[in-house]
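The structure under discussion appears below in the form of structure tokens.
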Amino acid sequence: MTAKIIDGLAIAKEVRKGIAERAAVLRARGVTPALTLLRVGDDPPSGVYVRNKVRACADVGIKSNVVHLPADISEDAVLDQIRILNDAPDIHGILVQLPLPAHIHPRRILETISVEKDVDGFHLYNVGGLVFGQTVFPPCTPYGVQKILEHEGIELEGKNVTVVGASNIVGKPMALMLMQREATVAICHAKTRDLAQYTILADILVVAAGRPNLIVPPMVRTGAVVIDVGINFLPGGKLVGDVDFEGVKEKASFITPVPGGVGPMTVTMLLENTVGAAERASSHA
């Protein structure tokens, strides 16, 4: 068996076409979807990520603006900036690019963003809402994984799913979203003993642990769907996921590559949430 390699770039392109059409409808009604990206300090990868998001916004007709604050700014000053953006009626989405400088507490910053503008899906209300299925905006990476599974026609109901990695950004919300689709979910993390006994049972394996080659072929059930969310840079600069791609693709039925799998969908769901925020705001106006 050789797995179908899921083309995240192609799926993202298809989804973005629909987002662009929705944005055009809003603009025709006099509403331009708008996203403000807040960057604090000069972390080089953050600069790359912000530029990519700005470019993606332009591609679908979303207006973007970058507020770049100095690394030594006080936490209170950042909070004041967020409150200004919360009150701006022409701003529909606010994204704070992580990581933040050490003296600024991410939780306090993210909780200050208006729930109606939290297009990254990190506010406690949005994360907690996943428990009840009433979140306003789902976190972008798990939302992207969900869209990939839907696109490929992969059924979730009654399936055994193992999520490797229990972060607040990916693992935990991913598990909640899968449970909403009536999957049976196991969550593994750094303290899990004998990881393979959980991964081998999975019909669908979602890996977001941040460790290259963590998942090797003997740990994967024949015919499993493998979604690799990992992002790791090897010493030579090569980007890889958490899964031994070359080995596991000979055993899985579907597999996402790194790069070109989940990554493009994460930014796409940010665009989806931003247009959704503009639609919500215009309907309440």
Of the candidates Ile154, Ile148, the one satisfying the condition of being in the same structural domain as Ile255 (by TED's automatic domain parsing), surrounded by 19 or more Cβ atoms within 10 Å (Cβ to Cβ) and closer than 25 Å to Arg211 by Cβ is Ile148
Which of the numbered conditions does Ala77 fail, given that it passes all the others? Conditions: (1) closer than 22 Å to His284 by Cα; (2) at pLDDT 95 or above.
(1)
Residue that is modelled with the lowest pLDDT [pool: residues in region 101-136 that are part of a helix (DSSP H, G or I) and surrounded by 23 or more Cβ atoms within 10 Å (Cβ to Cβ)]:
Asn126
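Only one of these is touching a Gly at 6+ places or on another chain (Cβ under 8 Å) and modelled with pLDDT of 95 or more: Ile187, Ile204. Name it.
None of the other options fit; the residue is Ile187.
The values are calculated or read from the model by the stated rules, or taken from the named source; none is laboratory data. Since we're looking at a predicted model, the values are computed, not measured. Every residue, glycine among them, receives a Cβ derived from its backbone with ideal geometry; neighbour counts consider all protein chains shown.
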